[in-house]
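Working notes for the structure below.
The values are calculated or read from the model by the stated rules, or taken from the named source; none is laboratory data. Model, not experiment: these values are computed from the prediction. Backbone-built Cβ (ideal geometry, glycine too); neighbour counts: all protein chains shown. Only protein heavy atoms, including side chains, enter the accessible area calculation; ligands, DNA and RNA are left aside. Shrake-Rupley method; radii C 1.70, N 1.55, O 1.52, S 1.80 Å.
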Amino acid sequence: MPSKTSSRGGPVAKRRFLAPFAGETLAVPPIWLMRQAGRYLPEYRATREKAGGFLNLCYTPELAAEVTLQPIRRYGFDAAILFSDILVVPDALGQRLTFAAGEGPQLEPVRTLADLGRLDPGKTGDKFGRVFETVARLRQDLPDETALIGFCGAPWTVATYMVQGEGSTDQAEARLWAYRDPEGFARLIDLLVDTSIGYLDGQVKAGADCLQIFDTWAGTLPDSEFDRWVVEPTRRIVSTIKERHPTVPVIGFPRGAGASSLWYVSETGVDGIGCDTAMPPYMMGEAFDGENVVVQGNLDPLLLVVGGAAMDERVDEILELMDGKRFIFNLGHGIVPQTPPEHVARLVERVRGG
Ligand code: CP3
């Protein structure tokens with residue numbers, strides 16, 4: 001069983017977001033929201049305009065720090081998440097990446113070992129360095145009580161974009177490569193494991209006090225492939241980060257993994273499990289009890305668009321379900337652009353007992 005920690009001194013006491021990881025259950029759970037910085041906020045749209053594009057925004061420390069702080073100023077979330085993107089990793093490795101306004105990412109697909117050979121881990125220093133500078137600025141500018149979450153995409157999810165060249169509904173190209181040539185595909189995954197470790201390690205050294213690994217497409221793989229391409233690479237990242245930074249909690253978000261999330265938790269060694277919108281209440285409320293893990297989730301982002309009684313009722317259900325547990329309130333996926341900012345204010349108020 002996790003031990004109770006003192007409520008005096010140290011970062012845990014200063015940052016209530018970290019308390020559940022130290023074994024404490026709070027009467028009011030910490031709250032932050034995936035994609036809490038983004039297009040639903042007018043001040044984000046203004047800063048993005050000033051940056052002249054999404055990637056410029058990610059790589060300009062002053063502006064990336066500014067958009068990270070915007071939702072903290074408005075809502076006082078318990079944690080800020082570094083403003084960046086999971087596709088910064090392939091971009092830094094040298095894969096051509098563009099974000100056209102109003103469209104998803106476009107990458108020059110990596111589908112062969114020759115394509116893979118053109119990526120260069122030696123090149124990542126400049127772009128990663130700018131992200132680390134953003135983290136360092138943030139740790140200075142954030143209120144003391146606000147935790148700072150660093151992140152990366154999980155190798156499987158990042159690989160799906162790298163191989164497909166864009167977002168897709170079925171991640172077909174990555175799955176086909178993984179089935180046809182598992183040894184070749186493993187080289188891409190290994191490159192992403194190593195690069196992601198360096199990327200997360202740099203974020204912690206610059207001041208991140210928690211990490212989240214986003215595996216948005218974890219739910220599209222059958223059993224043994226889930227193990228090989230989702231669980232195993234994540235386990236390698238988590239264990240190396242833990243060797244270097246034993247006190248920094250790592251949250252995994254294997255979206256769509258359902259019942260396999262239990263296996264994911266026990267095998268990867270994550271300290272927190274992000275639950276998506278479809279995670280059933282018996283799983284969230286009970287299934288993880290035997291694991292030493294903090295549960296995070298899982299309001300439907302579309303209920304945040306709707307707001308009103310429908311949202312309030314669901315928020316209350318989640319709070320009741322997770323009462324007395326080591327729990328962090330979040331959405332089941334990211335905030336969508338059409339979300340009214342006042343609904344986010346109401347959500348925070350409701351979670352905090354208003
Ligand atoms: O506030 C935060 O959560 C921090 C910043 C953050 C962004 N992306 C900013 C962003 C984080 C943590 C991410 C993670 C991310 N990026 C994921 C995993 C989580 C998820 O949502 O499933 C994925 C799959 C990506 C890749 C990505 N980035 C896509 C597919 C897109 C286009 C779709 C979209 O939502 O626009 C992006 C762009 C992106 N990343 C935006 C933001 C704020 C919108 C860009 C814009 O301003 O036009």
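For the stretch 313-352, what Kirkwood radius comes out of the mean inverse Cα-Cα distance, in Å?
That comes to 11.3 Å for the stretch 313-352.
Show me the three semi-axes of the equivalent ellipsoid for the chain, from the C-alpha gyration tensor (sqrt of 5 times each eigenvalue), largest first, rounded to whole Å.
Working: eigenvalues 175, 111, 83 Å².
The answer is 30, 24, 20 Å, longest axis first.
What is the spin-label model distance, in nm, from GLN338 to GLU320 if the labels are put 7 Å beyond Cα along the C-beta direction?
Output for this residue pair reads 3.0 nm.
I want the local charge near LEU97. Using Cβ-Cβ distances under 13 Å, sum +1 for each Lys or Arg and -1 for each Asp or Glu among the other residues.
-3
Rounded to the nearest Å, what's the spacing between the alpha carbon centres of the stretch 275-301 and the stretch 151-198? Just the number, please.
Computed from Cα coordinates, the inter-centre distance equals 26 Å.
Any idea how many Lys pairs in the chain come in under 18 angstrom at the alpha carbon, given 8 or more places apart or on separate chains?
Lysine pairs satisfying the spacing and distance rule in the chain number 4.
Please give the length that would be gained between ALA345 and SER168 if that part of the chain were fully extended, namely 0.36 nm times their separation in residues minus their C-alpha to C-alpha distance (nm, one decimal).
Details: separation 177, 0.36 × 177 = 63.72 nm, distance 3.23 nm.
Contour length minus the Cα-Cα distance gives 60.5 nm.
When the accessible area of the chain is computed with all protein chains present and a 1.4 Å probe, what percentage of it is carbon and sulfur?
50 percent
Please sort by residue number the trypsin sites (Lys or Arg not before Pro) in the stretch 99-132 whose DSSP state is loop and whose Cβ has at most 14 other Cβ atoms within 10 Å.
Those that pass, being in a loop and sparsely packed, are ARG118.
Using the heavy atoms of the protein chains alone and a 1.4 angstrom probe, what is the accessible area of the chain per residue in square angstrom?
I get 41 Å² per residue for the chain.
Quickly estimate the mean residue ellipticity at 222 nm for the chain, helices only: each DSSP H run with n ≥ 4 gives -39500 (n - 2.57), and the total goes over all residues, rounded to 500.
-13500 deg cm²/dmol
In the stretch 310-354, what trypsin sites (Lys or Arg not before Pro) fall in a loop by DSSP, with at most 15 other Cβ atoms inside 10 Å?
When the trypsin sites (Lys or Arg not before Pro) of the stretch 310-354 are filtered for loop state and at most 15 Cβ neighbours within 10 Å, ARG352 remain.
Could you work out the local net charge near GLU183, counting Lys and Arg as +1, Asp and Glu as -1, over the other residues with Cβ closer than 12 Å to its Cβ? Write out the running numbers ahead of the final one.
Values: positive: ARG180, ARG187, ARG228; negative: ASP181, ASP190.
Summing Lys/Arg as +1 and Asp/Glu as -1 gives +1.
Report the paramagnetic label zone for TYR282: residues of the stretch 230-262 whose backbone N is under 16 Å from a point 7 Å from Cα along the Cα-to-Cβ axis.
Answer for the stretch 230-262: 258-262.
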